[in-house]
2 protein chains.
Amino acid sequence: MSEQLKQLINKHQTTLSAAIEAIRTRHNWSPFQDSPSSKFHGEEKPKAGKAAFVARCHRPFDLKLPGINDWVGGEVSPFTQEPLGITYPACDPQAIIAAAKAAAPQWAKTTAETRLAVCVEMTEQLYARNFEMAHAIMHVAGQSYTQAFSGSGPNALDRGLEALAYAAEAMRHVPASATYSRNFAGEQVLLTKTYNLIPRGIGLVICCASFPTWNAYPSMFASLATGNPVIIKPHPNAILPMAIAVEICREVLEKFGFDANLITLAVDTPSKPIAMTYIENPAVQIIDFTGSPRFGSYLESTVKDKLLFTETAGVNSVVVASVDNLQESMRAIARGTSLFSAQMCTSPQVVYVPKDGIATGTGTVSFEEVAQTLVNEIEAIASNAKMAAAIMGAIQGQVSLNVVASAHEQAQAKGLRILREASPYQHPDFPNARTLSPLVIATTPEHQEMYAQECFGPVLFIVATEDADAAAYEATELARTKGTISCYMYATDDAYVDRWLDAYAQAGANLTLNLTGPMWINFAAAYSDYHVTGLNPAGNACLADLAFVSARFRIVQHRRPTTGAAS
Amino acid sequence: MSEQLKQLINKHQTTLSAAIEAIRTRHNWSPFQDSPSSKFHGEEKPKAGKAAFVARCHRPFDLKLPGINDWVGGEVSPFTQEPLGITYPACDPQAIIAAAKAAAPQWAKTTAETRLAVCVEMTEQLYARNFEMAHAIMHVAGQSYTQAFSGSGPNALDRGLEALAYAAEAMRHVPASATYSRNFAGEQVLLTKTYNLIPRGIGLVICCASFPTWNAYPSMFASLATGNPVIIKPHPNAILPMAIAVEICREVLEKFGFDANLITLAVDTPSKPIAMTYIENPAVQIIDFTGSPRFGSYLESTVKDKLLFTETAGVNSVVVASVDNLQESMRAIARGTSLFSAQMCTSPQVVYVPKDGIATGTGTVSFEEVAQTLVNEIEAIASNAKMAAAIMGAIQGQVSLNVVASAHEQAQAKGLRILREASPYQHPDFPNARTLSPLVIATTPEHQEMYAQECFGPVLFIVATEDADAAAYEATELARTKGTISCYMYATDDAYVDRWLDAYAQAGANLTLNLTGPMWINFAAAYSDYHVTGLNPAGNACLADLAFVSARFRIVQHRRPTTGAAS
């Protein structure tokens, strides 16, 4: 091993050990700073990052990939509604796959510790370029600047580092060699056994448009660390962040003497989708998918004998059974549903409230009062342009506006009450931003066909149920049948909570209870929160656990009589 | 937790810790004694075991299962060629599945440590009844008495205990709870998080006829320990061992207050196979299959979105490139191919020898001499009735006689040389035993259609290759394309070995080098040898590694503000 690689392993040993400690204790930890404040980063880095983003626009993104056939790209900024004007190399899949296969043997033979160190170095280099990444995320996904910086930067990198920690645990579980000594028929047999980790094959990572890095990093690093080349297939509406990530990772690979084609970018266009060409290629053995439930379940029902990890979407619910402080609880929900205009896989969409009202610390309040308090709290965000901009950001795609319009139309047709109309808010910095504050509809379980599917956009349904138990029953059935990534409950009665905890667990629903205050209820912390259970239709895999990494490599052994030892 | 369960956990703690230590260091270890000698077991146990087996025959096997529709059973002893006369309950699959589902919640809520202890107790109780099991294995599978005792007893139980060690590692990796403390917007948030292990669903274990317990125990224990009910689907020709195993496990479950229906037996007949009914049931979420490549690949190409672990079969080869001592090497191969009449998944079937002969410690010998020495060593076993009986045992099914007859016919049609005719040997204890010593055919790679598929029976092909590199090339290509579970090589030239090690690894072929002496070359030791790589068509899973257990359960969490603590 070269001195350079030894130093790299040494450099990242502490970080990796701390990450492993964190996944085992699941406490709060990160090697990164997730605030964009110049207090932490100085005055220059933020400016340089923005300038780097601006310099990307209106020109080809010069990623030196194999088999370039064309230059494509049609990204439009949700903040300016203007095209970014960036084109990306569209490559022949056969050339991309051939390049990945050619790069594979050297990487496969590289020790696990080296690969882990190279991957940790990638996370550091990605972090170093995070101001550029933040602007890229803003202008393809629509996340606010602060969320783009944190949620798609350090928080996403933490998920990647978490996957590296799991990969380290799984690979280190296999010793490099062993001595085996046993008496057979009165004679001592002494064998030396060698165990090799063999990567599974090319890993394909299919990314979503709204949160590309957060889901891509864990998959990408899990596959890379276990020795597999990776092909990133970005969403055609959100190529730039992944192009930057791929560029940075390729630079790291080259710097340390590895083939840059261990990570490539497979760009396509909405009219000519390319994912299936990769999925069907026998060299592609691992598929990580984040995106629509439709394509996700298509993959789940067709992909056989390859590793498939999916995170699609579900319908996240809140049960409001009883509260200490109504306003604080409703503020927590309002913030949760407003964050990134409900375009998160953890955004709540349905709020169940008993029709006869709930107990609070200051007496019983009616369903109406609960609903109105929630609406007021949303209004407090939406009516404050600066706060709305920081929290809601912009709407990634026209499709989300359509979803909200369609929900509005259906609600009217059914005679349901609109508690709050969706409307654009005026973004202080981007006058042309595509924005929309939440639509709020009051309904009942008999109209569940309206809300019992993911509505990807700012719409919230407040559902009146018979009582608190009916609310929890509806919520857990919704989770079980339609899938969920994150459920929420407000209840001060411990007996009630205990009665329902198991139903949530059986539905594979991660549950946040009684959370109010400054932490976003839908914040999922790497190293501490398991994300997606794999037990309901919202996805078949968890970010991250041992199962997320342990089948990405295989073990092959050889054994022979020990020589040069006393027999 | 009851005092009884606490004691049980305590009782098995040392064994489980030692098993975990063994899978990490991969040294030789077992809590069991794998010799049937009365030196270890006394005079009474062997007799009582035989008597217990005899008492099983000619009567219904009274396993109190739900939904019994019929009593079926057509097992015939390979040693007497007489029916065992045992009938087993054939149950309505809906009733079996309903019973498993009914039993599941209590087991799921039982702590992982309790489930592990209950499973270790099962291994001990199975070991206590191993003389009965040995006779059962003999008279359905055809294994010799000593092999039935060791290979299908302690060696199989070790594989089961190994799976329990992996299950313990994977489950213990998830803490029961955590405290999360982080500053958000200047305010310290303190959360208590609880992580629950949720079993995946019913595990179906489909067993083979020749080695039922060795493959079933790891799957069965991996699923049970992680909280899943298990349904055992035995091969209709080899029901008794699994019926005994299920009976013993049900007794243990009941003794410790659990529902016996956590493990049930799904008996069928060759004319009315029942596996697909279970496989297609949505409650069945884990499928472990050992058996024919045909059904195995059918499952691999049809089962989607369920966990599927397969071990089918491949074509195991030996490369003879150079040896120190020709006779010792050929004896090792002869023993390997004679053991259980080549009805093992690790039995060598093809021996590649350079056509111009090989170097030995005493000079070059011709292809002919290599082949003849191998034939002589087989002959030495076959011609000694007592040794043949101990090593070869009997032929499980008529199908293996047909396989050998067909190979003979093809070889004659192609004008290939028969180096040794297959013939029955006279078993000293069972005059009617279905026996057959190996057929040996000399051939070349141009006739590979004859040997490039599993011939499940005593037939060995000695293939003349251009040279030693061609031999290794043929062997690794065979492994890669047709699958292999165990490959063998004899070569004294280290440079040659080093040149080919990687090709074996890439083909997913576990390799045993230069092994001679008292250890069977095809002996795979639990805790030390990884069995099956999952990288070639011989199977998609490894017995055992973290990937074998880690997806059999899922993790669901809930989190809430910590109360009663300083904030």
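Bear in mind that the values in this text are calculations on the coordinates, not laboratory data. This is a predicted model, so every value here is computed, not measured. Quick reminder, even Gly has a Cβ in these numbers, built from the backbone with ideal geometry, and neighbours come from all protein chains shown.
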Subject >> Mean residue ellipticity (222 nm) of the protein assembly as shown, computed from DSSP H runs ≥ 4 via -39,500 (n - 2.57), nearest 500 >> reply: -13500 deg cm²/dmol
Original post:
To the nearest 10 degrees, how steeply does helix A:112-128 sit against the main Cα axis of chain A, on a 0 to 90 scale?
Top reply: 40 degrees
Subject >> trypsin sites (Lys or Arg not before Pro) lying in DSSP loop within the range A:23-103, provided at most 15 other Cβ fall within 10 Å >> reply: A:Lys64
Subject >> Centroid-to-centroid separation of the range A:282-327 and the range A:464-500 [C-alpha atoms, Å] >> reply: 20 Å
Subject >> Among A:Cys345, A:Gly357, A:Gln327 the positive-end extreme of the charge dipole of the range A:298-361 (Cβ point charges) >> reply: A:Cys345
Subject >> Shape of the protein assembly as shown, Cα gyration tensor, a/c cut at 1.5 >> reply: prolate
**OP:** Go through B:Val375, B:Met489, B:Gly74 and say which Cα lies farthest out towards the positive end of the charge dipole of chain B; charges sit on Cβ, +1 for Lys and Arg, -1 for Asp and Glu.
**Re:** B:Gly74
**OP:** Find every distance from the label point of B:Ala98 to the corresponding label point in the other copies (7 Å from Cα along Cα→Cβ) and write them in nm, one decimal, shortest first.
**Re:** 6.1
Original post:
How would you classify the range A:171-301 from its alpha-carbon gyration tensor, with a ≥ b ≥ c the square roots of the eigenvalues: rounded for a/c under 1.5, else prolate if a/b is greater than b/c, otherwise oblate?
Top reply: prolate
Subject >> Candidate lysines for bridging to A:Lys386, where Cα separation is under 24 Å - those fewer than 8 sequence places away on the same chain excluded >> reply: A:Lys39, A:Lys45, A:Lys47, A:Lys50
Subject >> Globularity ratio of chain A, using Cα Rg and 2.2 N^0.38 Å >> reply: 1.02
Original post:
Can you tell which of B:Leu262, B:Gly291, B:Pro241 lies farthest toward the positive end of the dipole of the range B:231-333, using +1 and -1 charges on the Cβ of basic and acidic side chains (Lys, Arg; Asp, Glu)?
Top reply: B:Gly291
**OP:** Taking a label point 7 Å out from Cα toward Cβ, give me the nm distances from B:Lys64 to the same spot in the other copies, shortest first, one decimal.
**Re:** 7.5
**OP:** Treat every Asp and Glu Cβ in the range A:243-362 as -1 and every Lys and Arg Cβ as +1, leave all other atoms uncharged, and give the resulting dipole magnitude about the Cα centre to the nearest 20 debye.
**Re:** 300 debye
Original post:
Where a Cα-Cα gap under 13 Å defines reach, which aspartates and glutamates qualify for A:Lys304, not counting those fewer than 8 residues away within the same chain?
Top reply: A:Glu280, B:Glu300, B:Asp305
Subject >> Principal-axis tilt of helix B:240-255 within chain B, Cα atoms, nearest 10 degrees >> reply: 20 degrees
Subject >> Under 5 Å, built H, 5+ apart or other chain: amide partners of A:Thr87 >> reply: A:Arg59, A:Phe61
**OP:** Starting from the Cα gyration tensor of the range B:316-513, multiply each eigenvalue by 5, take the square root, and state the resulting semi-axes largest first in whole Å.
**Re:** 27, 18, 16
Original post:
Using a simple charge model, +1 on the beta-carbon of Lys and Arg, -1 on the beta-carbon of Asp and Glu, nothing else, what dipole does the protein assembly as shown show about its Cα centre, in debye to the nearest 20?
Top reply: 580 debye
**OP:** Work out the length of the dipole vector of chain B about its Cα centre, built from +1 on the beta-carbon of each Lys and Arg and -1 on the beta-carbon of each Asp and Glu, and round it to the nearest 20 debye.
**Re:** 2100 debye
Original post:
Among all the lysines, which ones have a C-alpha under 24 Å from A:Lys109's C-alpha, if same-chain residues fewer than 8 places away are not counted?
Top reply: A:Lys6, A:Lys11, A:Lys101, A:Lys193, A:Lys255, A:Lys306
Subject >> Separation of alpha-carbon centers, the range A:524-538 and the range B:370-444, rounded to whole Å >> reply: 56 Å
Subject >> Prolate/oblate/rounded label for the range A:52-134 (Cα gyration tensor, a/c 1.5) >> reply: oblate
Subject >> Principal-axis tilt of helix A:3-25 within chain A, Cα atoms, nearest 10 degrees >> reply: 40 degrees
Original post:
Other chains near A:537-547: what is the mean number of their Cβ atoms within 10 Å of each residue's Cβ?
Top reply: 4
**OP:** Place the label 7 angstrom along Cα→C-beta at A:Glu187 and in each other copy, then list the distances from the first to the rest in nm, shortest first.
**Re:** 7.6
